[in-house]
Amino acid sequence: MATESRRALLAHLAEHATAPGKDCETAYANYLDPNRSDMPQRGHELAFVLADCLLANTAEAYKTDMASTSILFGLLPSILSQIVPSVTELSRLSLRRPVLAFMIGFGGMSLPVLSGRDDFLGKTVEPYPHMSLDLSDRENRSLRVAVVVSAAEYLIAAAAVFNVLYFTWTMTYVGVSFSVIQIYITNLPETAIPFMWMLLVPLVHLVAFFAIRYATKAQPEDKKGDWVKNELLPCMYGPTLDRKFKQAVVGPWKPWNLLLEHAIFLGSLIHLIAGTAILCTILFIEQWKAIQLVAQMLGGEEAITSL
């Protein structure tokens, strides 16, 4: 049976047809009919037929508007991949502030395609067997300022995460991707695919975070409760970061590190290609709304990059 979200989606589609007529009403009824189902080899055929009918009855001026909107959305993944912090940068941040690093990665909604070719662990291990950060003037800095800075960082990161969730929700329930309704996955509605695409970014970052945490150990060992202090304090106010890479990472485990780097690269590439395919076929979103969404995403990316 069609879910309420799918009903809302198709109801929105019906609003954009200038004169849907009986054919579109029939297609709409067929889509909501629990006795009808899609064929795996044909994708979400019922949704495809309905969307095609609505497009056939849509004004040409609005079709032109949607065409320019699709181009704008299609360019967005490539643009974002040039702005967001790299997987390596956020992985290093995760050694001190994992929650903030995860929020920044999630709020990025994109992955730099070259991240996997940065020699994710190898480049860090070989030239730099230790990673240290010691800011000698730390004692003279105000704790109040540290609290304000930390709160601002989390607020900006949280806003970026909300921005990504809102963007994905809009692409799913306000607009319709023609690419998405042609992909059939058993027992999975077409509305799930954009969210799966969105969740690929934090998944790649989590894999990288765990990998670099496994590959290093604190020198000296962290005390219980230190992670809370490290997480909440900005890096310039926190204790010295000194982590040593384990010998196993340099020796027999190095092939696994190379495999990880290629996996990150592949994940970045899949995310970019899938995002372009999904977004460049978005329908039923006005150009003014598209410009607003793109501006929000670019603004959010610039904000988290400044962190």
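Listed values, structure above:
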| item | result |
| --- | --- |
| Qualifying position, being out of contact with any Ser or Thr (no Cβ under 7 Å at 6 or more places or on another chain), assigned to a helix (DSSP H, G or I) and closer than 29 Å to T186 by Cα, among A61, A67, A47 | A47 |
| Verdict on P194 being closer than 30 Å to L55 by Cβ and crowded, with 16+ Cβ neighbours inside 10 Å | yes |
| Those residues of the stretch 150-169 which are closer than 12 Å to A303 by Cα and within 10 Å of the chain's Cα centre (by Cα), in sequence order | V161 |
| Given (1) at pLDDT 90 or above; (2) under 14 Å from the mean Cα position of the chain (by Cα), number of the condition L111 does not satisfy | (1) |
| Residue that is surrounded by the most Cβ atoms within 10 Å (Cβ to Cβ) [pool: residues in the stretch 50-101 that are hydroxyl-bearing (S, T, Y) and farther than 30 Å from A215 by Cβ] | T69 |
| Count of the stretch 83-112 residues which are free of Cβ contacts under 8 Å to residues at least 60 places away in the same chain and part of a loop (DSSP other than H, G, I, E, B) | 1 |
| Candidates L266, L293, L259, L272, filtered to the one that is aliphatic (A, V, I, L, M), assigned to a helix (DSSP H, G or I) and either modelled with pLDDT under 80 or more than 23 Å from the chain's Cα centre (by Cα) (or both) | L259 |
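The values are calculated or read from the model by the stated rules, or taken from the named source; none is laboratory data. What you see is a predicted model, and the numbers here were worked out from it, not measured in a lab. Glycine also receives a Cβ, built like all others from the backbone with ideal geometry; neighbour counts cover every protein chain displayed.
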